[in-house]
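Reviewing the structure listed below.
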Amino acid sequence: MCLDFLGATPELRAAVPTSLTLARVILVQRDQYRLITEAGECNAEPAGALWYGATTRAAMPVVGDWVAARVVAPDLAIVESVLPRRTLFARRAAGRREDQQVIAANIDVVFLVCGLDGDFNLRRLERYLTLAAESGASPVVVLNKSDLCDDPAARMAESAQVAGGAPIVMVHTRSAEGLVPLRAHLAPGRTVALLGSSGVGKSSIVNCLAGEERLRTAEVRESDSRGRHTTTHRELIVLPEGGALIDTPGMRELQLWAGEDALEQVFDEVAALAAECRFGDCSHGSELGCAVQQALADGTLARDRWQSYAKLRAEVRRHESMADPLIAREQKRKLRNMHKAVKEIYKSRKHRM
């Protein structure tokens, strides 16, 4: 197929040596990949130099990456390098380590899918919007299952209070007409990723837009509208009319991997108020001349909106402050192990004398 329909640019083609092939990663399973090239699809694995040269796991190929590959057999290629990423959607990996977990790369538009059947959560939507701002992709808030919502207009109004300038569309998958608002964001050369918690209907949306049952779906639990993880991996799906969709597994834990700049894009009204505070280092607590506290008192700033911002800002700052100490701790561990090894050498020599 012509990779131009997937967003290949002259700059990408020029970055690949003539001895290699331009390809895009459509599936990742551990250290095995599925690529799409001008000649079709093939399996692939990383070159040794790529694996050993990667400073972090995030530097390895992910779904959506453009790569330079060496075709070694009709259905096998070796990925030699990952080409520069235009955008990168990532979150903080689960656990105590400060690691970046990359979700997908080179996304143009991200559909932030929210279910209207009982699992609607504005605070979760704010997190997704923050990660989208950090990624560089354009967010679209997708309110799915509108056919199951008693008051869709109210949900639309609530979403508008936190979405900023992001478009908001209301859809359902009961008929083709229910996804018409989404098709306006699809185009040849454009990559769209779907993100949201389990059960919001991402796979059903992909199946409808692709025109075939590409992904397995399941009903949500009636008790709490929570879904089961029918999608277990990320996958890029080529659309018949050009462009691509990336489906992702539902994320129950969504820790931020973003800076304060991204947070202020999503909470722009809070950032504007903070700029009006009397003191530049105002903590927005009990200081005199705090514009944020004044706005809370007169009702021009919603208290739940401020509390959400304060919580996310504390999370961002905590992760940033942990990064350097973790590096220092790792260096100390290596030094301690080296001293221990030296002591063992001297001890063994002493016993031999």
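None of the figures in this text is laboratory data; all of them are computed from the coordinates on show. The model shown is predicted, which means the values in this text are computed figures rather than measured ones. In this analysis, Cβ positions are derived from the backbone assuming ideal geometry, glycine residues included, and neighbour counts consider all displayed protein chains.
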Point to revise | FRET E, pair residue 180, residue 9, Förster distance 35 Å, beta-carbon r, rounded to 0.05 | key: 0.75
Check your understanding: Taking +1 at the Cβ of each Lys and Arg and -1 at the Cβ of each Asp and Glu, which of 23, 54, 8 sits farthest along the dipole of the range 3-82 towards its positive end, judged by Cα position relative to the Cα centre?
Key -> 54
Review point. In the neighborhood of residue 177, defined by Cβ-to-Cβ distances under 14 Å, what is the net charge if each Lys or Arg adds +1 and each Asp or Glu adds -1?
Key: +1
Check your understanding: Does the range 119-190 come out rounded, prolate or oblate by the C-alpha gyration tensor, with a ≥ b ≥ c the root eigenvalues, rounded set by a/c under 1.5 and, if not, prolate when a/b is larger than b/c and oblate if not?
Key -> oblate
Exercise for review: Based on other C-beta atoms within 10 Å, arrange 300, 37 from fewest to most.
Suggested key: 300, 37
Revision key, fill the gap. Residue 68 neighbourhood, Cβ < 12 Å, K/R = +1, D/E = -1, net charge +1
Review point. In a solvent-free Debye calculation with one equal scatterer on each Cα, what is log10 I(q)/I(0) for the range 5-55 at q = 0.15, 0.25, 0.28 Å⁻¹, listed in the order of the q values?
Key: -0.49, -1.15, -1.21
Check your understanding: What is the distance in Å between the Cα centres of the range 63-82 and the range 34-60?
Key -> 6
**Study point:** Cα→Cβ-extended label distance, 7 Å offset, between residue 51 and residue 76, nm
**Key:** 1.4
Check your understanding: With a 10 Å Cβ neighbour count serving as the proxy for reagent exposure, in which order, fewest first, do 182, 112 appear?
Key -> 182, 112
Point to revise | Ranked 86, 127, criterion: other C-beta atoms within 10 Å, fewest first | key: 86, 127
Review point. For residue 233, what charge total do you get from the other residues with a beta carbon under 11 Å from its beta carbon, if Lys and Arg give +1 and Asp and Glu give -1?
Key: +1
